[in-house]
Ligand SMILES: [Zn+2]
Ligand SMILES: [Zn+2]
């Protein structure tokens, strides 16, 4: 089967033939229907996050189950599924507390196998986020899979396990936004648009979308933004004006220290800054400490929407099928695997909300 392989940072990916080893007893083999291009993969391409090579990137995929291991219950060949990188054990303290996205004992393949079922001429090819979605097929742990309701389109479903989950979950579970609140969202890519949508679902009264790109600001209005503000210089002042003194919540979805600082300045007293966007590894959070203390601000992080994804993905899918969740405009481009490098160029140029690779099944 074909996969896009990254041999080193700063190089284009190449489409090559690889084999899969498995499924092992707790694993599921999936024929990929669609796979989203996310900024997190780009951190490996750009070298901002370290990685082992060669590697198959891609961590938001959907598809059809081809085979299940002997210990897998509740899934069968033919099932339509979405994947999520938050694999979990189910029995550690964090899982028992209901926070399986923070699992302390992730069920990785045992050493010396470096947790990847992908092989090329017998040599290991690494699998990004335990998924490796930029391939025609993949093998994942059963805890990386969520079954979809009947009728859920697979290209839309590919975005459920990352952009949709991370965005909506950070609002509803991470921040616990209350009805009537004021919310500012800084960065309106695939995740940010879902933060906007999450705020709408949570009943926020005012949702201000901030982005440098006018097309993304316009898209944010489709997802529920009540006001839009151009990012950069002057954004803080404008948000303070619009909110008459500051927002209850500011979501930073860029992963930039400068934007994190701005987000902090946009809050009212006792407001909450939610850090959602992944920064470069090694980058520090910096904000005016005196402001945080004297205004009693809270700074909180949210990983993968802070939700148990296997329970939540079918719920979100049902909301979409009921017409209550906006997901179609998230996909700006449908591309083929061979066009993956161009897809990333467009993502980095800010031209796309989300590109999705679709495969012929
Ligand atoms: Zn992602
Ligand atoms: Zn666990």
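Rule-based calculations on the coordinates, nothing more; no lab input. Note that the structure is a prediction, hence the values are computed from the model and not measured. Heads up, the Cβs are rebuilt from the backbone with ideal geometry, glycines too, and the neighbour counts pull from every protein chain shown.
Assorted remarks:
- Residues that are touching a residue at least 40 places away in the same chain (Cβ under 8 Å) and under 20 Å from the mean Cα position of the chain (by Cα), drawn from segment 257-266: 259
Matching residues to (1) buried (at least 18 other Cβ atoms within 10 Å of the Cβ); (2) not in a helix (DSSP H, G or I):
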{"residue": "178", "(1), (2)": "no, yes"}
{"residue": "183", "(1), (2)": "yes, yes"}
{"residue": "200", "(1), (2)": "yes, no"}
{"residue": "220", "(1), (2)": "yes, no"}
{"residue": "228", "(1), (2)": "yes, yes"}
{"residue": "241", "(1), (2)": "no, no"}
{"residue": "260", "(1), (2)": "yes, no"}
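- Taking the numbered list (1) under 17 Å from residue 209 (Cα atoms); (2) touching a helix residue (DSSP H, G or I) at 6+ places or on another chain (Cβ under 6 Å); (3) surrounded by fewer than 24 Cβ atoms within 10 Å (Cβ to Cβ) in turn, residue 163 passes all entries but (3).
- Residue selected from segment 81-99 under the condition outside any loop (DSSP other than H, G, I, E, B) and surrounded by fewer than 19 Cβ atoms within 10 Å (Cβ to Cβ), by the criterion nearest to ligand 2 (Cβ to nearest atom): 94
- Within segment 185-197, considering residues that are within 16 Å of ligand 1 (Cβ to nearest atom) and part of a helix (DSSP H, G or I), the one surrounded by the fewest Cβ atoms within 10 Å (Cβ to Cβ): 190
- Within segment 134-160, the set of residues being within 28 Å of residue 350 (Cβ to Cβ), touching a helix residue (DSSP H, G or I) at 6+ places or on another chain (Cβ under 9 Å) and surrounded by 24 or more Cβ atoms within 10 Å (Cβ to Cβ) comprises 134, 135, 157, 159, 160.
- Of the criteria (1) in contact with a strand residue (DSSP E or B) (Cβ under 9 Å, 6 or more places away or on another chain); (2) away from ligand 2 (no atom under 16 Å from the Cβ); (3) closer than 30 Å to residue 319 by Cβ, which one residue 144 fails: (2)
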